[in-house]
Amino acid sequence: MTRLLAAAALALALVPGALAANGGLAPPTPATPSGEAILDVYWVVFAACAVVFVLIETALILFIIRFRRRAHTPAEAEGPQIHGNTRLELIWTAIPALALAAIAVFVFVKTPSVLGASDGGEPLRVRVESHQFYWQYVYPNGVISPDLLRLPVDRPVALELVSLDVNHSWWVPELTGKLDAIPGRTNVLEFTPSRTGTFEGKCAELCGVEHALMRTSVEVLPDQEFEQWLAGGVEDLGEQTWDAVCAKCHGPQGEGDYGPAIASNPAIVSKESLTPLLREGQDQETVPGYMPAVGEGWPERQIDALIEHVEAAVFEGEAPGGG
Ligand code: CUA
């Protein structure tokens, strides 16, 4: 009994630490109306659960104390056998049913605002091509940005999620709920960022060995700044591609990690040998190791930019045929 109490006391003592490490009980501060709607639903459901929890646990403890076996009661004695109480049964059926119905109505009323059904005009459409193990953001004007999504503030966006290999799930908790990217279909996630800032997210669907590294950042910028950036595109597409696509498996400097070391492999600076490897991956039984087709769907300029970056910053050997 003493040990049990000590364990319970220890568990209680650890609660504040666990809560703080988790960022508290609440979801992160929302940066969209969708996030606010999710937060509202969260707190209403949380409050309902808290009330039920306190009522039931209080009754439980009171009953345990009030109807405990007294010192003079024989061990085999049975309590009074009570069969049926219509009024009580009606009450304990009706109250939970009404409570659940109220929660359901509230959630259904809130759902449209969670889904971000925009009344703010035509949304900015960004195609999100998910791959093992990165996100490729493709803007209507052709600008591509691996892993880093830039958005204008106060303008509705529609992310068109597709997958080129397995199931992934796009999730940036401050912006909205998660949505799966599924091969063979397009799922659309709409929301409107209501403040500027950088918001971190990750893939929320176990998609392979480097699933944990499939992170993403969303930078919400003032409208003008965003338009300026969009007109110019990413500053160093080659470096950004290397970091998002290659480095996660092959190491930041190509020194090898889960994937083999490639820093001095001439194949990575030869367009003829690199292109098919990127576009089709490596999945032959005769060659050891598997590599997903990470470059499927890339425009040629992305391959060029990647090779340029690799030549300048990664490749350690003699350039093939170079003087
Ligand atoms: Cu993609 Cu996990």
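Just a few scattered comments:
- Restricting attention to the chain, close to 65% of DSSP beta bridges with both partner residues there are antiparallel.
- Computed log10 I(q)/I(0) for segment 1-159 at 0.10, 0.12 Å⁻¹: -0.73, -0.90, from the Debye equation with unit scatterers placed on every C-alpha and solvent omitted.
- Difference of contour (0.36 nm per residue) and Cα-Cα distance, T73 to A313: 78.1 nm
- FRET E, pair E255, V15, Förster distance 30 Å, beta-carbon r, rounded to 0.05: 0.10
- Calculated [222 nm] ellipticity per residue, helices only, for the chain: -13000 deg cm²/dmol; basis is -39500 (n - 2.57) per DSSP H run with n ≥ 4, divided by all residues, nearest 500.
- Each residue of segment 51-62 was assigned a 3J(HN,Hα) from its phi angle through the Karplus expression (A = 6.51, B = -1.76, C = 1.60, θ = phi - 60°), giving 4, 4, 4, 5, 4, 5, 5, 4, 4, 4, 5, 4 Hz with x at Gly and Pro.
- Student exercise, segment 252-323 dipole from Lys, Arg, Asp, Glu Cβ charges, in Debye to nearest 20: 100 debye
- Kirkwood Rh, angstrom, the chain [1 / mean 1/r, Cα pairs]: 24.2 Å
- Among A26, A305, A293, residue whose mean-square fluctuation peaks in a GNM of the chain (springs only between Cα atoms under 10 Å): A26
- Normalised by 2.2 N^0.38 Å, where N counts its residues, the alpha-carbon radius of gyration of segment 1-89 equals 1.74.
- Per residue, in Å², the accessible surface of segment 177-323 once ligands and nucleic acids are set aside, probe 1.4 Å: 55 Å²
- Among P193, P292, P16: highest mean-square fluctuation, GNM of the chain, C-alpha pairs under 10 Å: P16
- Note on the chain: with a GNM built from Cα contacts shorter than 10 Å, the maximum mean-square fluctuation among V220, V162, V209 falls on V209.
- For segment 78-129, the residue among L90, P123, T111 whose Cα projects farthest onto the positive side of the dipole built from Cβ charges is P123.
- Centre separation in Å (Cα based) which lies between segment 190-214 and segment 80-121: 32 Å
- Spatial extent of segment 91-204: Rg and Dmax, with the Cα atoms as the point set, Å: 17.3, 62
- Rounded percent of accessible protein surface that carbon and sulfur make up, the chain, 1.4 Å probe: 62 percent
- With contacts taken as Cα pairs under 8 Å and at least 6 residues apart, segment 187-323 reaches a relative contact order of 20 percent.
- Bridgeable lysines around K110 (alpha carbons under 24 Å apart, same-chain partners fewer than 8 residues away excluded): K178.
- Förster-model FRET efficiency, 35 Å R0, I82 and C49, C-beta, rounded to 0.05: 0.75
The values are calculated or read from the model by the stated rules, or taken from the named source; none is laboratory data. No experiment lies behind these values; they were computed from the predicted model shown. For neighbour counting, all protein chains shown are included, and Cβ atoms are generated from backbone atoms with ideal geometry for every residue, glycine included. Note: accessible area is taken over every heavy atom of the protein model, side chains too, but ligands, DNA and RNA are not part of it. Shrake-Rupley method; radii C 1.70, N 1.55, O 1.52, S 1.80 Å.
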